[in-house]
Every structure is written in structure tokens, then in C-alpha cells.
Amino acid sequence: MLYHLYELNHATIAPLRLMASYSSTFWQSPTNPMANNPVGRSMVAGLDLFERLTRRYAKPEFGIDTIVINGKPYDVEQETVLEKPFCHLVRFTVPGLSKAVQNKRQKILMVAPMSGHYATLLRGTVETMLEDFDIYITDWVDARMVPTSQGGFDLSDYIDYVIDMLHFMGKGTNIMAVCQPSVPVLAAVSVMAQRKDDHSPASLCLMGGPIDTRRNPTAVNDLAETRGIEWFEKNVIVKVPFPHAGFMRDVYPGFLQLTGFMTMNLERHVDAHKDLFWNMVKGDGDSAEKHDRFYDEYLSVMDLSKEFYLQTIEENFIKHSLARGQFMHRGELVEPAAVEKTAIMTVEGELDDITGLGQTEAAHDLCKNVPDGKKVHFVQKGVGHYGIFNGRRFKSEIAPALTRFMQSNN
């Protein structure tokens with residue numbers, strides 16, 4: 001019923017949104033004598049704010065058309081090179097570079113979070129790393145758009161997807177997991193090592209991932225342990241309504257995930273929208289545009305399959321299975337100690353309130369047979385969770401460290 005109520009609410013508000021759009025056009029019309037005075041701008045600001053707050057945000061585009069390398073602009077080519085029911089593998093290359101440079105560029109499999117937001121959240125990460133590498137990124141598919149005939153999707157499927165992609169990309173690939181995928185990616189690399197798979201990645205970078213949430217637990221970790229898996233299954237799992245392609249699929253809906261995101265920092269989001277209103281009244285288009293770009297991305301969310309979501313909660317945050325040496329994949333015990341040849345780098349943010357300090361670093365203890373010379377732990381001062389993979393400090397400090405690590409271990 002919850003999903004149906006959400007859809008009904010969206011449909012009910014639709015006429016009001018249409019009216020707001022028409023009214024905004026009227027108040028901005030050059031033939032309206034009040035268009036450019038404080039009254040007109042206030043009306044436009046209020047109407048636009050209403051439209052934005054009641055809108056359903058579509059999946060954004062990556063929109064990486066050009067990139068500057070050594071002061072010179074180059075066109076970027078984007079293509080989908082592998083399609084699976086719950087994920088598309090998207091490749092970014094710079095075809096204008098010389099063949100000599102192209103031959104030296106290594107490949108990164110960038111595993112984006114499957115935690116509500118789309119892979120486009122890593123747009124800045126892709127753009128920065130593309131200066132030195134060819135990038136392949138997991139573009140996860142909204143579960144409500146996958147017909148039930150395609151079957152389910154759980155943690156074991158996730159691990160299989162990662163292994164299949166590494167095989168598709170070939171030997172010598174670097175793999176980079178941002179946040180949530182750190183656990184299944186480390187599991188995938190461990191399984192490949194146990195099988196002595198010659199497509200095991202050359203290097204593994206884990207960034208702000210919950211490898212062992214018993215270390216320095218955050219409010220997010222405490223919530224999972226306090227509620228228990230039964231509470232999550234009873235209260236946040238719903239069926240996709242008609243007419244979506246995934247009709248009757250059990251999912252954790254994106255709108256509930258977004259509610260959780262917003263309430264964690266509600267005061268900040270309220271202030272941001274107040275600022276948007278007054279910036280529009282003042283005619284400060286640059287500040288309003290910056291706000292719009294951020295929230296167009298932040299408010300775009302996807303549904304997650306029930307199996308994947310509940311297993312992630314239970315295995316990562318309640319049982320701590322990987323950290324305790326009890327994580328299973330297809331009936332096989334996952335043993336990170338089997339990893340010997342893949343170099344490992346962990347990245348954490350000093351101010352991260354999602355994944356506490358030490359949780360990602362725990363990967364080094366689990367992968368005890370990787371030589372010390374092939375292990376790096378990097379803590380970025382002054383950044384929170386988002387700053388680990390995006391923003392000024394990522395571009396100026398973290399990305400160069402990642403590049404040095406990958407290039408020296410391939």
C-alpha cells in the first residue's frame with residue numbers, strides 16, 4: 001500500500017504542479033510589468049520551489065562530453081559495452097589521444113554504490129580519473145524497471161556481476177569500489193584469488209566502505225543493529241505497483257531511502273531551499289543554478305531489490321560476516337587471506353559520519369597475505385563521506401594518490 005499511496009500522491013499533485021508551471025511563465029513574461037520587480041521575482045521563486053519539491057526526478061545523464069588533459073581539451077566517448085538485467089557496464093574513453101598514450105592507459109572498473117542514488121553520483125570521480133585511465137563504471141538499473149521474469153538480484157549475484165565484468169575487461173584491470181560495494185567487491189576479489197583466476201585485478205581500491213562496522217560505529221551502523229533484519233523486512237519492503245516494468249517485484253523503494261538521506265541532515269536541506277528562494281528573489285542565477293545541479297542529482301533515486309538490500313543489511317551491519325570470516329558465496333566460504341598478488345589501497349575521510357574511521361582500513365587485516373609493500377592506507381583530512389570521492393580535495397589530493405598507487409602496482 002505504501003508505494004501505491006506514494007504514486008497516488010504524485011498523481012494528485014500533478015495538476016497543481018502544472019498550474020504552478022503556467023503561473024511561473026506568466027510572472028516571467030516580458031509583457032508583465034511586474035516581472036522584474038521584487039513581487040514578480042518572489043512569485044516565480046515560490047512557484048519554482050513548489051515545482052521542484054513535488055517533482056519526480058529522472059535518472060540524470062553523465063554528461064561528460066569533453067575533458068582537459070595537460071591543458072588541452074579532448075572529446076570523451078561514452079558507450080555501454082555490457083548489459084545485464086540489473087546493471088549496464090559503461091565505458092568512458094578519450095579517443096583523441098595519441099596511440100602511444102592510449103597504449104599506456106590502464107583500465108579501472110569503478111563500482112558505483114547501489115544504495116539509492118544512480119551511478120551518476122560519481123560523475124566527478126569519473127571525470128577526474130579519466131585524465132589518466134580508461135574508465136568502466138557499473139551503471140546499476142532501477143529495480144522497479146526490471147521485470148520479475150528476469151529473476152531476483154542478491155549479494156551473490158552482485159559478486160558474480162563483478163567477476164564477470166573483470167573477465168570481460170581482461171587481465172591487469174584495476175578495480176575501485178566506492179562506499180557500499182567495498183564488501184561485495186572485496187568478496188569477489190577474494191573468490192577469484194581462491195580460484196587462482198588469472199583475471200584477478202592488479203590493484204583494489206576501497207573507498208569509505210563498511211568492511212568492519214564494529215570499528216568506530218556510526219549512527220547508520222547502530223540503526224541496523226538496533227532494529228534487526230525483521231524490522232527492515234516488515235517496514236521498508238514493498239511491491240512495485242502497476243504500470244512499472246517491475247510490477248510486483250519486492251523492493252526497498254528509492255523514496256524511502258531519500259527520506260532517510262534527508263532526515264539525517266534535515267536542517268541543512270531546509271536552509272539550502274530557503275537560500276534558493278532568496279537567491280531567486282535577488283536574481284542570483286549562479287547560486288540558484290548551483291543548487292539545482294546538486295539537488296537534481298541528490299533527489300534522483302532508484303529502487304533496490306529486496307534480496308540485495310536485506311542481505312546487505314544483515315551480512316554487513318548485523319552479522320559482520322566478512323569481518324568475522326563467515327561470509328559465504330554460493331556455498332563457498334570467502335577467504336580474503338587468499339588474496340596475495342592484488343595490491344590493496346583503502347581511503348577514508350577524517351570527518352566521515354557514514355563509514356567510521358577504521359572500518360575500511362580493516363581490509364588490510366583481512367588480506368593478511370598481501371605484502372606490506374603492496375598495501376596503502378590513506379586518510380584524507382577535513383572531508384566527510386562525500387568528499388572521499390568528489391570535490392576539491394578528491395581532485396587535488398586523493399585522486400593523485402590513487403593514480404600513483406594503481407600505476408605503480410600494475
When you go through (1) among the aliphatic types (A, V, I, L, M); (2) in a helix (DSSP H, G or I); (3) touching a Leu at 6+ places or on another chain (Cβ under 7 Å) one by one for V383, which number turns out not to apply? (2)
Restricting the search to the range 318-340, which residues are assigned to a helix (DSSP H, G or I) and crowded, with 22+ Cβ neighbours inside 10 Å? P336
What's the number of the condition Y136 fails, among (1) closer than 27 Å to F247 by Cβ; (2) under 19 Å from the mean Cα position of the chain (by Cα)? (1)
Identify, from the list D198, D157, D212, D164, the residue that is of a type outside the set (A, V, I, L, M), at negative phi and crowded, with 22+ Cβ neighbours inside 10 Å. D212
Criterion (in a loop (DSSP other than H, G, I, E, B) and buried (at least 18 other Cβ atoms within 10 Å of the Cβ)) met by exactly one of T312, T346, T360: T360
For the structure I just gave you, tell me whether T120 is surrounded by 17 or more Cβ atoms within 10 Å (Cβ to Cβ), modelled with pLDDT under 95 and under 28 Å from E307 (Cβ atoms). yes
Mind telling me which of the residues D164, D134, D157 ends up being more than 30 Å from T213 (Cα to Cα) and acidic (D, E)? D134
Report, ordered by the first and then the second residue, all pairs with beta carbons closer than 6 Å, sequence separation of six or more or different chains, a first member in the range 220-249 that is closer than 13 Å to L304 by Cα, and a second member that is among the basic types (K, R) and at pLDDT 90 or above. I237/K306; V240/R144; V240/R249; G246/R144
Given the condition at pLDDT 95 or above, closer than 25 Å to Q407 by Cα and in contact with a Cys (Cβ under 6 Å, 6 or more places away or on another chain), answer yes or no: does some residue in the range 182-203 qualify? no
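The values are calculated or read from the model by the stated rules, or taken from the named source; none is laboratory data. In this text the structure is predicted, and so the values were computed from the model without any measurement. So basically every Cβ, Gly included, is an ideal-geometry build from the backbone, and we count neighbours across all protein chains shown.
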